[in-house]
Amino acid sequence: MSNNPRLTHLQEDGTAAMVDVSDKPLSHREAVASGFIRLAPATVALIGENLIAKGDVLGVARIAAIQAAKQTGQLIPLCHPLPLSHVEVGFDLREDGVAIWSRTRTTARTGVEMEALVAVGTAALTIYDMCKAVDPGMVIGEIRLIEKKKEPVESHNPRPPG
């Protein structure tokens, strides 16, 4: 962390503002986020055997996460709406809950971290919603950014044949 940290979404007078990225070059961007929802072992077993009354918990959570990632600019006030080129969501059933991860990609002037984080959070909330009747003690947490990448878009100026 720098000696003089500056919050980029604040103007000089302290009011909130969307960051102007219009002068930034387009870049290929990718982000990976993860999280965890702590569940009773019996609930994990029900999910694994697809016996939750509301249906396929992980299948529904995956679709919800993808939908949410695409809506991040509408959910988080100062996020730029991004043209996502890919959203991937995965789950790992563990004895004490479900580990969740998401990978998001775009070519844009700003990062795609919030989309990955929103996907993970929404997947966890969807699991919670689908399992609340059998496990009122669920705990959602540990949502964090794991990785982000940025690569410049190479200019393509093909020469005409001849």
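Only the coordinates and a few stated rules stand behind these numbers; no lab work does. Not measured: the values here are computed from a predicted model. Note that we place each Cβ from the backbone using ideal geometry, even for glycine, and neighbour counts take in every protein chain shown.
Here are the numbers:
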quantity	calculated
Percent RCO, i.e. relative contact order, over the chain, from Cα pairs under 8 Å lying at least 6 residues apart	37 percent
Set of lysines with alpha-carbon distance to Lys54 below 21 Å, sequence-local pairs under 8 removed	Lys132
The chain: radius of gyration and largest Cα-Cα distance (Dmax), Å	19.3, 71
Contour minus Cα-Cα distance for Arg94 and Leu145 (0.36 nm per residue)	16.3 nm
Selected from Ile143, Ile63, Ile76 as most flexible by GNM, with the chain as the system and alpha-carbon contacts under 10 Å	Ile76
DSSP H segments from the chain that extend 18 Å or more along their own axis, Cα-based, with Kyte-Doolittle mean of -0.5 or above	57-70, 113-131
Extension gain (nm, one decimal) between Glu154 and Glu49, 0.36 nm per residue minus Cα-Cα	33.1 nm
Summed side-chain charge close to Glu113 - residues other than Glu113 whose Cβ falls under 9 Å, Lys, Arg +1, Asp, Glu -1	+1
Under 29 Å from the Cα of Lys24 - lysines, other chains or at least 8 residues apart	Lys70, Lys148, Lys149, Lys150
Restricting segment 61-162 to GluC sites (Glu not before Pro) in coil, as DSSP defines it, with at most 13 other Cβ within 10 Å	Glu95, Glu154
Interchain or long-range residues, amide H under 5 Å from Ser85's placed H	Arg105, Thr106, Thr107
Helix-only [θ]222 nm of the chain, DSSP H runs n ≥ 4, -39500 (n - 2.57) each, per residue, nearest 500	-8500 deg cm²/dmol
Label-point separation, Thr107 to Asp56 (7 Å along Cα→Cβ), nm	3.2 nm
His86-Lys24 FRET efficiency (beta carbon distance; Förster radius 25 Å; 0.05 resolution)	0.75
Relative contact order (%) - criterion: Cα under 8 Å, at least six apart; region: segment 81-162	22 percent
